[in-house]
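Worksheet: the structure to be examined is printed underneath.
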Amino acid sequence: MSLILLALFAVTLALGAPVAVSLGLSSALVMIVYGLPVNVLAQRAVNALDSTPLLAVPLFILAASLLNAMGVTTHIFDLVRLIVGRIRGAVAQVSILVSLIFSGVSGAALADIGALGKIQIDQMTGQGYDRKFAAGITIASATVGPIFPPSIPIIIYASVANVSAIQLLIAGIIPAVLITLFLMVQVAVIARLYDLPRDTVSPSLRAVAKKALVSFPALLTPVLLIGGLLSGFFGPTEVAGVTVAYALLIGFAVYRTLTLRAVWKSLRETVEATASILFIVSTAAVFAWVLTLDRVPAKAGALLLGLSDDPFVLLLLVNLLLIVVGMVLESIAAILIIAPIVAPALHAAGVDPLQLGIVFVLNLMIGLLTPPIGMSLYMVSIVARMPVHAVIRGVLPFLLPLLLSLLVVTAVPAVSTWLPKLVMQ
């Protein structure tokens with residue numbers, strides 16, 4: 001049964017059907033062939049959406065859309081640019097830092113690219129940076145978005161793998177900072193080797209103070225979000241709702257750049273994005289249920305544990321699997337299909353669920369940078385008006401710090417487990 005299911009999925013995907021349609025159609029055909037009750041398809045699809053943590057997904061999408069609509073990304077970029085100063089390669093370093101800050105709002109790599117990509121690339125090319133380099137660092141730094149809370153992929157992984165969403169979101173903080181540091185070190189080395197241009201902005205204390213005052217309400221958004229999670233006062237869904245309310249408050253009362261027309265547009269964008277994500281969630285749940293009927297998770301677990309019982313070796317094997325999967329499958333679909341299969345086996349082998357969650361998501365976010373399905377490549381290609389092959393050439397050098405970060409998170413469990421366990425004591 002499972003072989004027929006996977007074959008049908010691959011065929012429909014190869015024919016150009018969307019991932020959600022491929023998942024649902026292949027599942028339905030197998031159910032009909034094997035005489036399974038088709039009404040279960042609707043039941044499983046609806047039950048998959050009956051999840052409180054999933055309510056955070058549309059709320060975080062809406063919050064990011066509202067903040068982007070009021071133009072706060074430009075203020076944040078200008079502030080960080082003034083603070084970093086005129087070091088060599090400063091604008092590239094600013095792009096990385098701004099991605100980390102904005103990731104505390106957006107929760108998705110593509111949202112970061114959509115909000116910041118054009119600003120980042122235009123600022124760097126305006127300073128004389130190579131366009132491929134600018135595109136590469138923009139994509140690589142956007143990878144931080146789905147690791148640092150809030151993170152839509154992490155929330156979805158937590159709901160699928162039965163892991164605490166709050167702890168898993170907190171577990172992403174240190175790995176996200178680690179990725180940021182590795183990227184900044186690489187840019188510093190490249191700046192010295194290739195004599196990258198210095199920033200033309202002349203920072204002054206007065207200019208920094210003025211821009212900081214303007215940016216403060218926006219900068220308070222990730223502080224509010226992270227503080228709510230760390231204090232335990234909010235869960236993921238509650239903190240998402242508070243973030244939306246805060247975005248509306250500063251948009252109408254502080255910046256006064258948010259209009260009812262902009263809110264309506266943000267709501268429409270949120271509905272479109274959420275519908276796409278939840279369609280995949282529901283059809284993937286049916287797909288996973290059919291695999292479970294054929295005992296695929298148990299068989300996969302036995303196979304993995306038969307290869308090794310060492311947690312590190314098993315994590316390396318999962319890394320290899322996910323890197324390949326990330327090249328050909330959309331990240332949320334990959335989480336929904338593969339996590340229920342491999343997570344129980346690795347938990348049984350002693351891998352910490354929090355570490356596995358971060359390793360899982362980081363792997364698939366790296367997949368956003370790799371052809372042929374890497375969505376970040378196509379997003380930047382559109383934003384920068386560059387051919388995809390040029391974007392790929394620009395991003396290749398920045399795979400090194402991302403893979404190094406993945407290796408550290410895989411080899412050192414404390415990188416992802418220390419902070420949530422400290423907070424939850």
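Being of a type in the set (D, E, K, R) and more than 22 Å from residue 166 (Cα to Cα) is the filter here, so list the residues in region 374-425 that pass it.
385, 393
Assigned to a helix (DSSP H, G or I), at pLDDT below 80 and surrounded by fewer than 16 Cβ atoms within 10 Å (Cβ to Cβ): is that true of residue 13 in this structure?
When the stated conditions are applied, residue 13 does not pass them.
Kindly indicate which of 351, 380, 342 is β-branched (Val, Ile, Thr) and in a loop (DSSP other than H, G, I, E, B).
Among 351, 380, 342, only 351 is β-branched (Val, Ile, Thr) and in a loop (DSSP other than H, G, I, E, B).
Among the numbered conditions (1) at pLDDT 80 or above; (2) under 30 Å from residue 184 (Cα atoms); (3) of a type in the set (A, V, I, L, M), tell me where residue 59 comes up short.
(2)
When only residues in region 165-221 that are among the charged types (D, E, K, R) and either within 26 Å of residue 253 (Cβ to Cβ) or not in a loop (DSSP other than H, G, I, E, B) (or both) count, which is least open to solvent (accessible area, probe 1.4 Å)?
So, considering only residues that are among the charged types (D, E, K, R) and either within 26 Å of residue 253 (Cβ to Cβ) or not in a loop (DSSP other than H, G, I, E, B) (or both), the one least open to solvent (accessible area, probe 1.4 Å) is 211.
Take the residues of region 307-316 that are without any contact (Cβ under 8 Å) to a residue 60 or more places away in the chain and surrounded by 16 or more Cβ atoms within 10 Å (Cβ to Cβ): which is nearest to residue 360 (Cα to Cα)?
314
State whether one or more residues within region 1-23 are of a type outside the set (Val, Ile, Thr) and within 30 Å of residue 189 (Cα to Cα).
The answer is no; no qualifying residue exists.
The values are calculated or read from the model by the stated rules, or taken from the named source; none is laboratory data. Nothing here was measured: the structure is a model prediction, and the numbers come from that model. Reconstructed Cβ throughout: ideal geometry from the backbone, glycine too, with neighbour counts over all protein chains shown. Keep in mind that these areas ignore ligands, DNA and RNA; they rest on the heavy atoms of the full protein, side chains included. Shrake-Rupley method; radii C 1.70, N 1.55, O 1.52, S 1.80 Å.
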